[in-house]
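Structure, as structure tokens:
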Amino acid sequence: MLRSKIKGKAVVQSDETERDVQPESGGKEEGASNKREVLQGQGIEETVSIVNESQMEKEANAAVEVDQGNKEREGQWTPVVTRRKALGKVRGNHDDSLFYVSFVYAHNDSERRCELWEDLKEIGDSMLDKWMILGDFNCCLNAQEKIGGIPLEPHTFQEFREMINHCQLEDMNYFGSLYTWNNNQEEGDRILSKLGRVLVNYNWCRDWPDVQAEFGNCGVSDHSPMVIHWPNSERCKGQTFKFLNHLTLDDEFIQIVNQKWSSRREGCAMFRIMRNLEHLKGGLKDLNQRKFKSIDVKEIQARDRLDYIQNLLQSDPMNNHLLKLEKEAKEEHLKVYVVQFS
């Protein structure tokens with residue numbers, strides 16, 4: 001399932017798509033992590049296009065988180081995925097500005113990617129407005145966009161470059177990570193490349209030269225998250241903390257349950273159950289205060305440490321010492337993250 005999340009003020013309306021072609025195999029090998037694309041800042045009124053080559057599902061599920069003042073809701077739409085073009089639009093709430101956007105997840109087979117390039121050329125030939133294409137193109141633009149592994153030959157990215165020149169596209173101004181994908185290996189097996197990018201056409205560059213893309217560190221994924229920043233826009237608020245079942249992961253949990261539940265109490269069966277539940281709640285509250293009160297802080301610290309190490313790796317990506325530290329930091333962050341959000 002391809003799930004693209006757009007944050008802002010939005011109302012979802014899907015455009016009609018062609019429905020006579022079913023999706024073929026696509027994307028990375030099985031087990032590849034999901035990618036994240038977020039439009040941040042400007043309000044959004046109408047939705048988006050997807051050009052998708054994924055084998056995951058016959059249907060894609062696109063979710064839009066909507067924030068209208070203090071009132072929030074989530075809209076869902078489920079288009080039929082086709083390897084042909086599907087185009088939609090995004091309109092700003094504040095200034096009624098309009099642009100078109102395409103999310104792509106290119107196939108890992110070069111011949112199948114060429115079909116996507118042809119689809120994008122067809123869109124570009126009729127595009128008169130601002131147009132943005134973002135996602136995983138599964139292809140570099142030049143040999144310098146890959147480190148490690150088998151060196152790239154010009155023929156591997158020739159068709160991609162031809163599509164970009166044909167549509168008169170260029171990379172959006174960006175900051176953050178240059179290499180947006182890595183294979184999560186160490187030492188001599190490590191490979192980094194720029195597979196995720198944000199492309200825009202001439203009209204976009206002319207009208208919105210200050211809009212920027214941010215490519216964050218991969219964290220525990222193998223892909224960098226993409227965030228689009230509009231000038232003077234409010235940053236999205238942090239996520240609300242979710243407390244579910246992390247207490248069950250602690251060694252004391254079963255001991256507390258046995259102790260509170262085995263206490264002898266007078267009264268009818270229902271009364272005894274209610275009293276046991278009350279005492280169990282008190283024991284679990286105490287456990288939470290003693291061991292998990294600062295879990296948010298620990299998660300932030302673990303994430304910041306991982307982010308710091310990955311920033312160092314940006315300038316020295318083959319440093320074995322940093323790679324080992326990154327592996328340890330990932331394990332620590334995952335452990336704390338699972339406790340927090342389990």
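Here is how the numbers come out for the structure above:
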| item | result |
| --- | --- |
| Asn138 long-range amide H proximity, modeled H, under 5 Å | Ala106 |
| Mean projected area (nm²) of the alpha-carbon convex hull when the range 251-291 is viewed from all directions | 2.7 |
| Pairs from Lys89/Lys194; Lys281/Lys324; Lys194/Lys291; Lys89/Lys298; Lys194/Lys324; Lys146/Lys327 whose Cα-Cα separation, in the structure shown, is over 32 Å | Lys281/Lys324; Lys194/Lys291; Lys89/Lys298 |
| Whole-Hz couplings from phi, Karplus 6.51/-1.76/1.60, listed for the range 316-324; x for Gly and Pro | 8, x, 9, 6, 5, 5, 5, 5, 5 |
| Ranked list, fewest to most other Cβ atoms within 10 Å of each Cβ, for Phe157, Phe175, Phe137 | Phe175, Phe157, Phe137 |
| Fewest-first ranking of Thr156, Thr180, Thr248, using other Cβ atoms within 10 Å as the exposure measure | Thr248, Thr156, Thr180 |
| Neighbour-count ranking [beta-carbon atoms within 10 angstrom, fewest first] of Val104, Val220 | Val220, Val104 |
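Readers should treat all values here as calculations from the given coordinates under stated rules, not as data from a laboratory. Please read all numbers here as calculations on a predicted model, not as lab measurements. Here Cβ is always computed from backbone atoms with ideal geometry, including for glycine, and neighbour counts include all displayed protein chains.
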